[in-house]
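Reading through the structure tokens given below for one structure.
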Amino acid sequence: MIQDKATVGVVVPMFNAERTIRATLTSICQQSHEALDIVVVDDGSTDRAASIVASYAKNDRRIRLIRQPNAGVAHARNSGAAATDAAFLAFVDADDLWAPSKIALQLRVLQDGGSSAGLAYCWFAHIDEDGRVFSLHNQPDADGGVLQRMCRKNFVGNGSSMLVRRSAFEQAGQFDPSLRTRNAQGCEDLLMCLRIAERYEFRVVPQHLVGYRMTNTNMSSDVLQMLRSCEIVLAEFREKYPQFWGDLDAHLVDMIHWLAVRALVEGRFFAACDLLKKSFVLDPSTAISRLPDMVNVYCRARLIPRWIKVRAKRMLNKDAEFRPLYSEMSW
């Protein structure tokens, strides 16, 4: 099949990721679609991450390491994309994980969609620092022309969920490094998706094929910077598409709520309170209606002890050793 022969460029921006890069690379190398050109861009790391990647590259000739002074995630992704001539590009952060069928399934729907389909995405699970899943709520179904739906909500969710045609990536202007210069790094993925949605259709694979890690060290944990980034990105599309103002306003409310949940899960209670206040000011009824969901996510991520899960596994005659759903052992 044509899909089996297409090379996919996999770009991994990396900054001080020695704790997670092994698992991320393992999940990439175990893809059922083997025609991969894997470019890891070390964005000025000061830990052992680069040496870990170099050791992996010795055993898998598909992996290449590029090193550059710290310039931010957008510049690192663009550097990785420029280093491969693959017609399809996938991006994965150095702390996220892929299911083995991720690329194969996305490539199939993207190529089946023809030249009008520029981006394929999939569902993702929220995982903690140990790879344990604590939320599977992400289950969007947007397909085809999705610009208004992207203005309403970032249903793609993160850069690790995307597979894009290079032509769409280039027409969108690549990732925008100016957000970093404006002290607003964080929503480069959203901006890319919105710009692609202006010109291309999207395709969805309705399976949880990405483990999106939530820790207090990755970029999206800086919730106030993320909010500034989102406001800048949405302002660009508010100017372009005044007919979507209502959708963009609701999108901002959703982002504030998500960032508040994020801060709460990470134990950053003052930041969570500040964001909740903003949410109540903008849309009191929505803020109140979402409080139960916020408490539920917090409990699942923070308050359920691991030993309870281990005992549950044993009672169900599973393996005695608890193995996280998104660990490389469980695929």
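Could you list, in sequence order, the residues of the stretch 56-66 that are farther than 14 Å from Thr24 by Cβ and loosely packed, with under 14 Cβ neighbours inside 10 Å?
Once the filter is applied, which keeps residues that are farther than 14 Å from Thr24 by Cβ and loosely packed, with under 14 Cβ neighbours inside 10 Å, the stretch 56-66 yields Lys58, Asn59, Arg61.
Identify all residues within the stretch 166-201 that are of a type in the set (Lys, Arg) and out of contact with any helix residue (DSSP H, G or I) (no Cβ under 7 Å at 6 or more places or on another chain); write none if there are none.
Within the stretch 166-201, Arg166, Arg195 meet the criteria.
Name every residue in the stretch 176-189 that is crowded, with 23+ Cβ neighbours inside 10 Å and among the hydrophobic types (A, V, I, L, M, F, W, C), in order of residue number.
Cys187
Taking Asp112, is it assigned by TED's automatic domain parsing to the domain that holds Ala6, farther than 22 Å from Phe244 by Cβ and over 17 Å from the mean Cα position of the chain (by Cα)?
Working: assigned by TED's automatic domain parsing to the domain that holds Ala6: yes; farther than 22 Å from Phe244 by Cβ: yes; over 17 Å from the mean Cα position of the chain (by Cα): yes.
Criteria met by Asp112.
Could you tell me which of the residues Val210, Val204 is surrounded by fewer than 23 Cβ atoms within 10 Å (Cβ to Cβ), at pLDDT 95 or above, within 17 Å of the chain's Cα centre (by Cα) and β-branched (Val, Ile, Thr)?
Val204 is the lone residue from the list that is surrounded by fewer than 23 Cβ atoms within 10 Å (Cβ to Cβ), at pLDDT 95 or above, within 17 Å of the chain's Cα centre (by Cα) and β-branched (Val, Ile, Thr).
Has the stretch 89-106 got at least one residue that is among the β-branched types (Val, Ile, Thr) and out of contact with any Ser or Thr (no Cβ under 7 Å at 6 or more places or on another chain)?
yes
Out of the residues in the stretch 157-198 that are in contact with a strand residue (DSSP E or B) (Cβ under 7 Å, 6 or more places away or on another chain) and charged (D, E, K, R), which is farthest from Trp98 (Cα to Cα)?
Arg166
The values are calculated or read from the model by the stated rules, or taken from the named source; none is laboratory data. Just so it is clear, the model here is predicted, and its values are computed rather than measured. Counting neighbours? That spans all protein chains shown, and the Cβs are built from the backbone with ideal geometry, glycine included.
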